[in-house]
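The structure appears right after this line, and notes come after that.
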Amino acid sequence: MSGKVSHDPAKTTGRETGLHQLNILGGLGPKGRRWLLALSVFILVELAVLGGLFERSEMGLYDGWFRLRGVQDPGDKVVIVAMDEASVQKLGRPPWPRTIHARLLEKLKEAKVVGFDFVYDSPTNPEEDKAFGAAIAKHGRVVLASKFIFERDASGEMVQVFMTPRPEIMTKPAGLGFANMPTDPDNVVRHSTLVDTNTFELPFPSLGLAVALVGSGFDQTQLKLEPDRLTAGNKVIPLNSLNQAMPNFWGPQGTFKTYSYADVVGGNLPPAIFKDKIVLFGATAEAEKDFFSIPFTTSNLVLSGGLPTPGVEIHAAVVQSFLEGSWYRRVSPVANQAFLILAVILTTLAVGGRSPWVGLAGALTVVAAATGMAAGFWWNARLWLNLAAPLTLILLTYAVLNAAEFVQAELGRRRIRAMFNRYVSPDVVEELMRNPGSVSLGGRRQTVTVMFCDIRGFTAYSENKDPEEVVNRLNEYLTALTQVIFHYGGTLDKYLGDGLMAIFGAPVYYPDHVQRAIQVAVEIQEEIDKLNQVWEAKNQPPLKVGVGINTGSVLVGNVGSPERMDYTVIGEDVNLASRVEGLTKNFNTLIVISERSVRLLEGVEGLPWKLRHLGHAEVKGFTAPVGVYTVAGKN
């Protein structure tokens, strides 16, 4: 014989039904669910990456690496002569007579190369322009600036226009380069367009590159442009698809050695200071508005003082990067995607199946590893590896996996509550909720004590009685029995007409399950005596309850179909418990306990009652007679 604890899913609450609907991944198992969820998060983040949603964050992290590294000394190979505020005060507001620039070149005659970050495309005094042009030709190592602008032609179409210095000035410069300064979408300069391929047959260099070529003894005809690089002699510069390189930045405004224009042309500095130096002349005065944000520029000037940088200093950074070969390069999209895949795999392994705090420690470990990897690439190989997307993926994976674990745990708790709250006491339900893993719903073999109760003479009593009266009295008796069973942690397996079946030791195991069952049997008799007194006062006949107890190894677990699962016990010891209850009539006693239960009480001290051996009895379905006992009184 077997008993069942019935649970009908159709009776679950609406809230429980909603949670069950969330359990669409339940068939995959815990590991399968984790990896499928991690894959979903990865796809979501990858789509965001492809949509450019992380680009601003990635650029901010790239800038952060520079600020974390700190300011470095670029040396004095590349210096700046600045049109600064002091020069404006001494020489007046620009534009200055170009004969002053001719005088500047005289002071810089020992410089290796001089680059002008001004286009000089507007006409002034022709004689002054000629004097400036003659000074350029005499110096022999001057690089002039040009620029590209876009304007509409006569037909209204937007066209690129190439603007160069005046012909009188463009006599014999050593080089010419465009001074355009590209910015990223957040208006920060991280890239420098090194060559233009839209105007001339050969790659046309930027101002910084043209100055570096002259300073290194290369000719711009030696430039060789390839899909991902630019070669100049023995120098190889990594480029992106827009012919842009990523120069090093040594620090914020004022990092490069800077001299005031007025001091140089005024003779306050000896010409030998500039011997073999690469000199760039450009504006640093506020009125010229030639300032750009770079990685060292920050909005919080109080904390960092990262002011926008003059364009001439950015050209200087390009020249210095060329000389040192210290270009940065962004890794390929494939490498970034591989980094994302590695991040989600490591996070899933570190987080999956662990408690929230242990999972958080694992996720933070992966965050630290990913950050260290990106930092190592940046510092040691000058490679820009995306970090914002991987960090988001790591934290999202942690959050989603933990949320999924919480939902699964909540579903398990609700399933357990729905399954047991009618059949065990609230205390047992709470114990199961605290440790849902203690319930093996798939089935396990376990030693438990099984109890069967039967109300004697109830069938005869119910004859010629109103059904309502019969049911009310039956419910009163069964309620009393159930309350005692619940009080001692028993599980109500099922009601059997005018009787019931209970289990002690499952789903929550108690080492003293035999003692609990016997104590329940004793107190049931006490409760029935109280009820009988009430009913006798109403001129109703008293009823007796026979109790049979047996202990043994049974199969405990969930049995049934997906539509209806019942928590039950199966085995010969269940059948024996039922037969023992029937022996109460044979031995004319209300409590019969099998020798299998009594055997487990050997050596147990302090039992509250005495047991008396009744003898042995033949039991249907069992070959050998079974020894039985009863409770003989209290100790």
*Is it the case that region 566-574 has a residue that's in contact with a helix residue (DSSP H, G or I) (Cβ under 9 Å, 6 or more places away or on another chain) and more than 18 Å from R444 (Cα to Cα)?*
no
*Verdict on K90 being surrounded by fewer than 21 Cβ atoms within 10 Å (Cβ to Cβ) and touching a Pro at 6+ places or on another chain (Cβ under 7 Å)*: no
*If you check G156, G175, which single one turns out to be touching a Leu at 6+ places or on another chain (Cβ under 9 Å) and either closer than 30 Å to K109 by Cα or open to solvent by 30 Å² or more (accessible area, probe 1.4 Å) (or both)?*
G175
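Against the condition open to solvent by 40 Å² or more (accessible area, probe 1.4 Å) and touching a strand residue (DSSP E or B) at 6+ places or on another chain (Cβ under 8 Å), how does S216 come out, does it pass?
On the way: open to solvent by 40 Å² or more (accessible area, probe 1.4 Å): yes; touching a strand residue (DSSP E or B) at 6+ places or on another chain (Cβ under 8 Å): yes.
When the stated conditions are applied, S216 passes them.
Of all residues in region 198-213 being farther than 20 Å from K77 by Cβ and at pLDDT 90 or above, which is surrounded by the fewest Cβ atoms within 10 Å (Cβ to Cβ)?
So, considering only residues that are farther than 20 Å from K77 by Cβ and at pLDDT 90 or above, the one surrounded by the fewest Cβ atoms within 10 Å (Cβ to Cβ) is P203.
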*Which pairs have Cβ atoms under 6 Å, sit 6 or more apart or on different chains, and link a residue in region 604-616 that is within 14 Å of V580 (Cβ to Cβ) to one that is assigned to a strand (DSSP E or B) and among the polar types (S, T, N, Q)?*
L614/T630
*List the pairs whose first member sits in region 335-357 and is closer than 15 Å to A368 by Cβ, whose second member is open to solvent by less than 60 Å² (accessible area, probe 1.4 Å) and among the aromatic types (F, W, Y), and whose Cβ atoms are under 9 Å apart, counting only residues at least 6 apart or on separate chains?*
A343/F42; T347/Y398; A350/Y398; V351/Y398
*in contact (Cβ under 8 Å) with a residue 40 or more places away in the chain, at negative phi and either out of contact with any helix residue (DSSP H, G or I) (no Cβ under 8 Å at 6 or more places or on another chain) or surrounded by 20 or more Cβ atoms within 10 Å (Cβ to Cβ) (or both), is that true of Y629?*
no
*Would you pick out the residues in region 182-200 that are under 26 Å from G133 (Cβ atoms), assigned to a loop (DSSP other than H, G, I, E, B) and not polar (S, T, N, Q)?*
F200
*Output yes when any residue across region 593-611 is in a helix (DSSP H, G or I) and open to solvent by less than 30 Å² (accessible area, probe 1.4 Å), and no when none is.*
yes
*Count - residues of region 558-592 that are in a strand (DSSP E or B) and without any contact (Cβ under 8 Å) to a residue 12 or more places away in the chain*: 2
*Would you be able to say whether some residue in region 106-122 is open to solvent by 10 Å² or more (accessible area, probe 1.4 Å) and in a helix (DSSP H, G or I)?*
yes
*When you scan region 338-378, how many residues do you find that are at pLDDT below 95 and either over 13 Å from the mean Cα position of the chain (by Cα) or within 30 Å of N243 (Cβ to Cβ) (or both)?*
5
*Restricting attention to region 103-121, does a residue exist that is among the small types (G, A, S), modelled with pLDDT of 95 or more and more than 25 Å from F296 (Cα to Cα)?*
yes
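Give the residues of region 203-224 that are of a type in the set (D, E, K, R) and in a strand (DSSP E or B), sorted by residue number.
The answer is K224, and nothing else.
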*Name, by its number, the condition in (1) out of contact with any strand residue (DSSP E or B) (no Cβ under 7 Å at 6 or more places or on another chain); (2) modelled with pLDDT of 85 or more; (3) open to solvent by 50 Å² or more (accessible area, probe 1.4 Å) that does not hold for T17.*
(2)
*Determine whether region 313-330 contains at least one residue that is at pLDDT below 95, of a type in the set (F, W, Y) and surrounded by 16 or more Cβ atoms within 10 Å (Cβ to Cβ).*
no
_For region 164-208, give me each residue that is touching a residue at least 60 places away in the same chain (Cβ under 8 Å) and more than 12 Å from L144 (Cα to Cα)._
M181, P182, T183, D184, P185, D186, N187, V188, V189, R190, S192, L194
*Among the residues of region 81-105, write down those that are part of a helix (DSSP H, G or I) and among the aliphatic types (A, V, I, L, M).*
A86, V88, L91, I100, A102, L104, L105
*Does F150 qualify as being open to solvent by 50 Å² or more (accessible area, probe 1.4 Å) and among the hydrophobic types (A, V, I, L, M, F, W, C)?*
yes
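Inside region 437-548, counting only helices (runs of 4 or more DSSP H) that do not spill past its ends, which hold 2 or more residues that are open to solvent by less than 10 Å² (accessible area, probe 1.4 Å) and either at pLDDT 90 or above or under 30 Å from A617 (Cβ atoms) (or both)?
Result: 467-487, 513-537.
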*Do you know which residues across region 259-296 are open to solvent by 10 Å² or more (accessible area, probe 1.4 Å), in contact with a strand residue (DSSP E or B) (Cβ under 7 Å, 6 or more places away or on another chain) and farther than 30 Å from D63 by Cβ?*
L269
_G217 being farther than 25 Å from M163 by Cα and modelled with pLDDT under 90_ = no
*asked:* Take the conditions acidic (D, E), within 30 Å of W384 (Cα to Cα), open to solvent by less than 60 Å² (accessible area, probe 1.4 Å) and within 50 Å of the chain's Cα centre (by Cα) and apply them to D184. Does it pass?
replied: yes
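The values are calculated or read from the model by the stated rules, or taken from the named source; none is laboratory data. Keep in mind it's a predicted model, so treat the numbers as computed, not measured. FYI the Cβ positions are ideal-geometry reconstructions off the backbone, even for glycines, and counts take in every protein chain you see. We work out accessible area using only protein heavy atoms, side chains counted, and drop any ligands, DNA or RNA first. Shrake-Rupley method; radii C 1.70, N 1.55, O 1.52, S 1.80 Å.
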